[in-house]
1. Go through segment 72-84 and count every residue that is surrounded by 15 or more Cβ atoms within 10 Å (Cβ to Cβ) and either assigned to a loop (DSSP other than H, G, I, E, B) or touching a strand residue (DSSP E or B) at 6+ places or on another chain (Cβ under 9 Å) (or both).
2. Regarding residue 136, is this residue assigned to a loop (DSSP other than H, G, I, E, B), in contact (Cβ under 8 Å) with a residue 12 or more places away in the chain and either surrounded by fewer than 17 Cβ atoms within 10 Å (Cβ to Cβ) or of a type in the set (Asp, Glu) (or both)?
3. Among the acidic types (Asp, Glu) and crowded, with 21+ Cβ neighbours inside 10 Å - does that describe any residue in segment 221-243?
4. On the given criteria, is residue 211 touching a residue at least 24 places away in the same chain (Cβ under 8 Å), touching a Ser or Thr at 6+ places or on another chain (Cβ under 9 Å) and surrounded by fewer than 24 Cβ atoms within 10 Å (Cβ to Cβ)?
5. I'd like to verify a number: residues in segment 56-70 that are closer than 12 Å to residue 125 by Cα, in a helix (DSSP H, G or I), touching a residue at least 60 places away in the same chain (Cβ under 8 Å) and not hydroxyl-bearing (Ser, Thr, Tyr), how many?
6. Hey, among the residues in segment 99-133 that are at pLDDT 95 or above and among the acidic types (Asp, Glu), which one's surrounded by the fewest Cβ atoms within 10 Å (Cβ to Cβ)?
7. Residue check: is residue 91 among the basic types (Lys, Arg) and assigned to a loop (DSSP other than H, G, I, E, B)?
8. Look at segment 75-98 and say how many of its residues are touching a Cys at 6+ places or on another chain (Cβ under 8 Å) and within 15 Å of residue 239 (Cα to Cα).
Amino acid sequence: MCCCSRGGARKATPKYGTFQELVAHVRQAGLRSSQLILAFDFSKSNIWSGQQTYRRSLHDTAQETPYEKVCRLMLPVIANFDDDGIVPALRFGCHDTKDRTVAPLSPLAHSPECKGLGEVLRQYREAVNLVRLSGPTTLAPVIRYATQIVRLSHEYHILLILTDGDPVSASLDVDAVVEASNYPISIIVVGLGDGPFPVFESFDDHIPHRRFDNFQFVNFTALEREYHASDRADLILASRLFEEIPTQYQKICEHGLL
């Protein structure tokens, strides 16, 4: 794990020259197999929360959206660990789900399960065209849904939640994070847009009563601004998404959760 601070603040640049080196670093923790779960925020604030940084909606598909970029950066790494290529993809914060539940990413899908990240991205574009944005933002339904998957499968999972804003009911989200620490799952929340994200930043280090530190917050847009001129920007951004996975996986094994 890189020696660095949290969120989007200045950190030491990871010493990886290639994506292969990043994969090797993750493998050194003993991780050989992982399943991925993705969740996309369709709250209405996506319309304006990226205006300062991107000057458009975060779901404006005229160009690659920040949501799509995160998925693209995950692919070179996660493909080395996901044996079956099946990725449950969810949406939350929309008119259908609000803060109560989750739904398959595309309204046309009968199941959240997608065959690879390519299918995830195709369904995401469908969702952008069909889903009615709403709110409020809360992560508890997403985390509980993912925890149930892990409870039934007994396999290590990474839950990647892409969101544009802090939750409105932090206590419910904290309870879900604490409960999830009883299972082999790492939770990565990726902040997209102008922010700020004080609640998620506080979650990163200050949730008590967990069996292990299972939560990481990455202020992706702030990191984009910081490293946009680097010729290794994509690699640096990807490394931040995975930087706590080795330590979390080791803790999971130490606690006998696998």
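1. 5
2. Working: assigned to a loop (DSSP other than H, G, I, E, B): yes; in contact (Cβ under 8 Å) with a residue 12 or more places away in the chain: yes; either surrounded by fewer than 17 Cβ atoms within 10 Å (Cβ to Cβ) or of a type in the set (Asp, Glu) (or both): yes.
It is true that residue 136 is assigned to a loop (DSSP other than H, G, I, E, B), in contact (Cβ under 8 Å) with a residue 12 or more places away in the chain and either surrounded by fewer than 17 Cβ atoms within 10 Å (Cβ to Cβ) or of a type in the set (Asp, Glu) (or both).
3. Of the residues in segment 221-243, the ones among the acidic types (Asp, Glu) are 224, 226, 231, 234, 243.
Then keep just the ones that are crowded, with 21+ Cβ neighbours inside 10 Å; that gives 243.
Checked against the condition, which is being among the acidic types (Asp, Glu) and crowded, with 21+ Cβ neighbours inside 10 Å, segment 221-243 yields at least one hit.
4. So residue 211 passes the test.
5. In the first step, residues of segment 56-70 are kept if they are closer than 12 Å to residue 125 by Cα; the result is 59-65, 67-68.
Keeping just the survivors that are in a helix (DSSP H, G or I) gives 67-68.
Then drop every residue that is not touching a residue at least 60 places away in the same chain (Cβ under 8 Å), which leaves 67.
Adding the requirement that they be not hydroxyl-bearing (Ser, Thr, Tyr) leaves none.
Of the residues in segment 56-70, 0 are closer than 12 Å to residue 125 by Cα, in a helix (DSSP H, G or I), touching a residue at least 60 places away in the same chain (Cβ under 8 Å) and not hydroxyl-bearing (Ser, Thr, Tyr).
6. That would be 113.
7. Values: among the basic types (Lys, Arg): yes; assigned to a loop (DSSP other than H, G, I, E, B): no.
So residue 91 fails the test.
8. Initially, segment 75-98 is screened for residues touching a Cys at 6+ places or on another chain (Cβ under 8 Å), giving 86-89.
Adding the requirement that they be within 15 Å of residue 239 (Cα to Cα) leaves none.
Summing the residues that are touching a Cys at 6+ places or on another chain (Cβ under 8 Å) and within 15 Å of residue 239 (Cα to Cα) in segment 75-98 gives 0.
The values are calculated or read from the model by the stated rules, or taken from the named source; none is laboratory data. Because the structure is a prediction, the values reported are computed rather than measured. For neighbour counting, all protein chains shown are included, and Cβ atoms are generated from backbone atoms with ideal geometry for every residue, glycine included.
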